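Chemist: Can you read through this structure? Questions will come right after.
The values are calculated or read from the model by the stated rules, or taken from the named source; none is laboratory data. Owing to the predicted nature of the structure, the values given are computational and were not obtained by experimental measurement. Because the Cβ atoms are built from the backbone with ideal geometry, glycine has one as well, and the counts that use them run over all protein chains shown. With ligands, DNA and RNA removed, areas are computed over all heavy atoms of the protein, side chains included. Shrake-Rupley method; radii C 1.70, N 1.55, O 1.52, S 1.80 Å.
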Amino acid sequence: GAGCPLPPVPMQGGALPPEEELKATVLQLRETVLQQKETIGSQREAIRELTGKLSRCEGADGKSAAGAWKNEVGKGKDTMGDLPRDPAQVIDQLSRTMQTLKDRLESLEHQLRANVSYAALPSDLREMLQRRLGDLERQLLSKVAELEDEKSLLHNETSAHRQKTETALNALLERVSELEKGNSAFKSPDEFKVSLPLRTNYLYGKIKKTLPELYAFTVCLWLRSSASPGIGTPFSYAVPGQANEIVLIEWGNNPIELLINDKVAQLPLFISDGKWHHICITWTTRDGMWEAFQDGEKLGTGENLAPWHPIKPGGVLILGQEQDTVGGRFDATQAFVGEMSQFNIWDRVLKAEDIMNIANCSINMPGNIIPWVDNNVDVFGGATKWPVETCEERLLDL
């Protein structure tokens, strides 16, 4: 634009038009400076508002969780480079930068007032001021962007921290409730029962051990259920290629059934009265002979149930559900509802006398293939383990 390229030497003869022009330029410049001061004022106002918002957000009083977490993080690596971790420091720094610029503008104005004949070119001055203000604006914007980054970083760190804390807390709560129930503190490892209170396809127990090849077996257990129609499936054993290798089930209005290799025998047992009952089933591959005992008494016997079929090894033993595939595909309508304990398996046909003694609490005989011990039984889906009533208390229930 047009400058004022006059020599600094004043000419003789009073006030001259060039000097008037310079005065006009100075006035114009002062007006620019005032405008810039106003801009700075409004920018400082914006900064103050930002400070307020930030201190509310970050909990500058140090009481908020975010603040506490931030202090923790601050001890670690400074991820923001040379940006101070504390937003208040950033704001101070901005205020100082702006104050310096304001002071420089004022001294420039003062200099122009004191020395009207100072012949710096006004257009150059204007350009310089605009350049400085442009720089300031860029600086301000980059600081604000840094603050925004800092804020979102802090937010992410806080959420991650909260999530970690919640996970740890949940694990702790689970452990506490396990201990309260006495899960790992039964008086002796076999004094517990498995509770399956709902008819679902996801509550079940699982025996960690599997079966060897068997030519005979005895299965005994205590159970209590009043579910109707039918108590469901107290246990099932599935092997690859045969989901119904051994199943005990009372389903719908059918009598209780024993399945071996998908062959069926109906058992004359009556156990859905909500009282504890002791059940034993024996079977041998020789002629497929079976016996059914309830509360120590033999109530039924039969033969030709999967004769000459050896029980296959390496399958999965599930408590409370009927398996359609090995270890899975449960059907809620076939689920056992109630409680069970002392589920034991032997690889032979127990004598009637032994079964009577187990049922009336005279002897404690763990299964030689599958014994009832806490660390051999896992529960899933909300099934629980609880301390069981004593054998004598179960007997009184009959």
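Chemist: Taking segment 2-35 as the search range and keeping residues that are in a helix (DSSP H, G or I) and open to solvent by less than 80 Å² (accessible area, probe 1.4 Å), which one is modelled with the lowest pLDDT?
Modeler: If we filter segment 2-35 for residues that are in a helix (DSSP H, G or I), which is where we start, we get 17-35.
Now drop any that are not open to solvent by less than 80 Å² (accessible area, probe 1.4 Å), which leaves 18, 22, 24-26, 29, 32-33.
Numbers: Pro18: 67, Leu22: 76, Ala24: 76, Thr25: 75, Val26: 76, Leu29: 78, Thr32: 75, Val33: 73.
In this case the residue turns out to be Pro18.
Matching residues to (1) buried (at least 20 other Cβ atoms within 10 Å of the Cβ); (2) within 39 Å of the chain's Cα centre (by Cα); (3) not assigned by the TED database to the domain that holds Glu389:
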| position | (1), (2), (3) |
| --- | --- |
| Pro240 | no, yes, no |
| Glu257 | no, no, no |
| Asp262 | no, no, no |
| Leu269 | yes, no, no |
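Chemist: Of everything in segment 301-315, what is open to solvent by less than 50 Å² (accessible area, probe 1.4 Å), more than 15 Å from Asn244 (Cα to Cα) and in a loop (DSSP other than H, G, I, E, B)? Give them in sequence order.
Modeler: Of everything in segment 301-315, just one residue is open to solvent by less than 50 Å² (accessible area, probe 1.4 Å), more than 15 Å from Asn244 (Cα to Cα) and in a loop (DSSP other than H, G, I, E, B), namely Pro307.
Chemist: Further, regarding this structure: Within segment 322-337, take every residue that is out of contact with any Asp or Glu (no Cβ under 8 Å at 6 or more places or on another chain) and in a loop (DSSP other than H, G, I, E, B) and give me the one that is most open to solvent (accessible area, probe 1.4 Å).
Modeler: Of everything passing the filter in segment 322-337, Arg329 is most open to solvent (accessible area, probe 1.4 Å).
Chemist: Which ones in segment 221-238 are crowded, with 23+ Cβ neighbours inside 10 Å and more than 20 Å from Gly300 (Cβ to Cβ)?
Modeler: Gly232, Ser236, Tyr237, Ala238
Chemist: Would you check if Leu129 is under 24 Å from Gln35 (Cα atoms), in a helix (DSSP H, G or I), aliphatic (A, V, I, L, M) and modelled with pLDDT under 75?
Modeler: It is false that Leu129 is under 24 Å from Gln35 (Cα atoms), in a helix (DSSP H, G or I), aliphatic (A, V, I, L, M) and modelled with pLDDT under 75.
Chemist: Going through segment 36-56 one residue at a time, which ones are more than 16 Å from Lys143 (Cα to Cα) and open to solvent by 100 Å² or more (accessible area, probe 1.4 Å)?
Modeler: Listed by number, the residues that qualify are Glu38, Arg56.
Chemist: Going through segment 102-116 one residue at a time, which ones are surrounded by 12 or more Cβ atoms within 10 Å (Cβ to Cβ) and either modelled with pLDDT of 70 or more or of a type in the set (Ser, Thr, Tyr) (or both)?
Modeler: The answer is Lys102, Arg104, Leu105, Glu106, Leu108.
Chemist: Moving on. Just give me the residues in segment 279-298 being in contact with a Gly (Cβ under 8 Å, 6 or more places away or on another chain) and not acidic (Asp, Glu), in sequence order.
Modeler: Once the filter is applied, which keeps residues that are in contact with a Gly (Cβ under 8 Å, 6 or more places away or on another chain) and not acidic (Asp, Glu), segment 279-298 yields Met289, Trp290, Ala292.
Chemist: Hey, another quick one. Report yes if Arg175 is open to solvent by 90 Å² or more (accessible area, probe 1.4 Å), at pLDDT below 80 and not assigned by the TED database to the domain that holds Asn376, otherwise no. Working first, answer last.
Modeler: Numbers: open to solvent by 90 Å² or more (accessible area, probe 1.4 Å): yes; at pLDDT below 80: yes; not assigned by the TED database to the domain that holds Asn376: yes.
Yes, satisfied.
Chemist: Give segment 365-389 a look and list any residue that's touching a residue at least 24 places away in the same chain (Cβ under 8 Å), of a type in the set (S, T, N, Q) and open to solvent by 70 Å² or more (accessible area, probe 1.4 Å), or say none.
Modeler: Correct list: Asn375 only.
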